[in-house]
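Have a look at the structure below, then the notes.
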Amino acid sequence: MAEAFTVKASARFLPISPQKLRLVVDAVRGMGAERALDTLRYMPNKGAAFVYKVIESAVANAEQNYGLEPDELYVYRIFADDGPRRRSARFGGRGRFKPIIKRQAHVTVVLAEREVTEYA
């Protein structure tokens, strides 16, 4: 049996912490591509919009570049990694130093074709 065909898309330097993004990523892992998009469309989390765009981009890549059907695709791998941290600071009461860390994230999505079983 041949290896399943995969399509990859990613988004980098997203202005959201990876911890918040992983909550959304874990919800759609293993779903069909169309079902994942429907789920993300109505999810209230901020990270859902970022993940929606990446999955939508991967589906579009599969259709345009490889001629695959969106109905046969599913989320094979999806993960959120740390991006660079932007550090700044404020001064608090009594001359104390209060660091502020703005986190960024990278999202990577790999879609694969479901194996089509033919019955005799």
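Which numbered condition trips up Glu72, out of (1) in contact with a Lys or Arg (Cβ under 8 Å, 6 or more places away or on another chain); (2) free of Cβ contacts under 8 Å to residues at least 24 places away in the same chain; (3) not polar (S, T, N, Q)?
(2)
Return a yes/no flag: does segment 69-90 have any residue that is in contact with a Phe, Trp or Tyr (Cβ under 6 Å, 6 or more places away or on another chain), under 17 Å from Val107 (Cβ atoms) and at pLDDT 95 or above.
Taking every residue of segment 69-90 in turn, at least one turns out to be in contact with a Phe, Trp or Tyr (Cβ under 6 Å, 6 or more places away or on another chain), under 17 Å from Val107 (Cβ atoms) and at pLDDT 95 or above.
Restricting to segment 99-113, name every residue that is surrounded by 10 or more Cβ atoms within 10 Å (Cβ to Cβ), in a strand (DSSP E or B) and not acidic (Asp, Glu).
In the first step, residues of segment 99-113 are kept if they are surrounded by 10 or more Cβ atoms within 10 Å (Cβ to Cβ); the result is 101-113.
Applying the additional criterion that residues be in a strand (DSSP E or B) yields 101-102, 105-113.
The answer is Ile101, Lys102, Ala105, His106, Val107, Thr108, Val109, Val110, Leu111, Ala112.
Could you check, for segment 40-61, whether at least one of its residues is out of contact with any strand residue (DSSP E or B) (no Cβ under 8 Å at 6 or more places or on another chain), assigned to a helix (DSSP H, G or I), in contact (Cβ under 8 Å) with a residue 12 or more places away in the chain and of a type in the set (Ser, Thr, Tyr)?
Yes, because at least one residue in segment 40-61 is out of contact with any strand residue (DSSP E or B) (no Cβ under 8 Å at 6 or more places or on another chain), assigned to a helix (DSSP H, G or I), in contact (Cβ under 8 Å) with a residue 12 or more places away in the chain and of a type in the set (Ser, Thr, Tyr).
Of the numbered conditions (1) part of a helix (DSSP H, G or I); (2) in contact (Cβ under 8 Å) with a residue 24 or more places away in the chain; (3) out of contact with any Leu (no Cβ under 9 Å at 6 or more places or on another chain); (4) closer than 15 Å to Ala112 by Cα, Arg22 satisfies every one except a single condition; which is it?
Among (1) part of a helix (DSSP H, G or I); (2) in contact (Cβ under 8 Å) with a residue 24 or more places away in the chain; (3) out of contact with any Leu (no Cβ under 9 Å at 6 or more places or on another chain); (4) closer than 15 Å to Ala112 by Cα, the lone unmet condition for Arg22 is (4).
Please enumerate the residues belonging to segment 75-96 that are among the aliphatic types (A, V, I, L, M) and either touching a residue at least 60 places away in the same chain (Cβ under 8 Å) or surrounded by fewer than 18 Cβ atoms within 10 Å (Cβ to Cβ) (or both). Reasoning before the result, please.
The first filter runs over segment 75-96 and keeps only residues among the aliphatic types (A, V, I, L, M), leaving 75, 78, 80, 89.
Selection gives Ala80, Ala89.
Within segment 6-19, is even one residue aromatic (Phe, Trp, Tyr) and over 10 Å from the mean Cα position of the chain (by Cα)?
As a first pass, look at segment 6-19 and keep what is aromatic (Phe, Trp, Tyr): 13.
Filter once more, so that each one left must be over 10 Å from the mean Cα position of the chain (by Cα): 13.
Looking through segment 6-19, at least one residue is aromatic (Phe, Trp, Tyr) and over 10 Å from the mean Cα position of the chain (by Cα).
Can you tell me which of (1) touching a helix residue (DSSP H, G or I) at 6+ places or on another chain (Cβ under 8 Å); (2) surrounded by fewer than 13 Cβ atoms within 10 Å (Cβ to Cβ); (3) modelled with pLDDT of 95 or more is the one Val116 doesn't meet?
(3)
Give me the residue from segment 1-20 that is touching a Phe, Trp or Tyr at 6+ places or on another chain (Cβ under 7 Å) and closer than 16 Å to Ala80 by Cβ and, out of that set, surrounded by the fewest Cβ atoms within 10 Å (Cβ to Cβ).
Top of the filtered list is Ala11.
Regarding Leu68, is this residue buried (at least 16 other Cβ atoms within 10 Å of the Cβ) and in a loop (DSSP other than H, G, I, E, B)? Spell out how you get there, then give the answer.
Working: buried (at least 16 other Cβ atoms within 10 Å of the Cβ): yes; in a loop (DSSP other than H, G, I, E, B): yes.
For Leu68, the condition - buried (at least 16 other Cβ atoms within 10 Å of the Cβ) and in a loop (DSSP other than H, G, I, E, B) - is met.
The values are calculated or read from the model by the stated rules, or taken from the named source; none is laboratory data. Note that the coordinates shown come from a computational prediction; the quantities given were computed from them, not determined experimentally. Note that each Cβ is placed from the backbone with ideal geometry, even for glycine, and that neighbours are counted across all protein chains shown.
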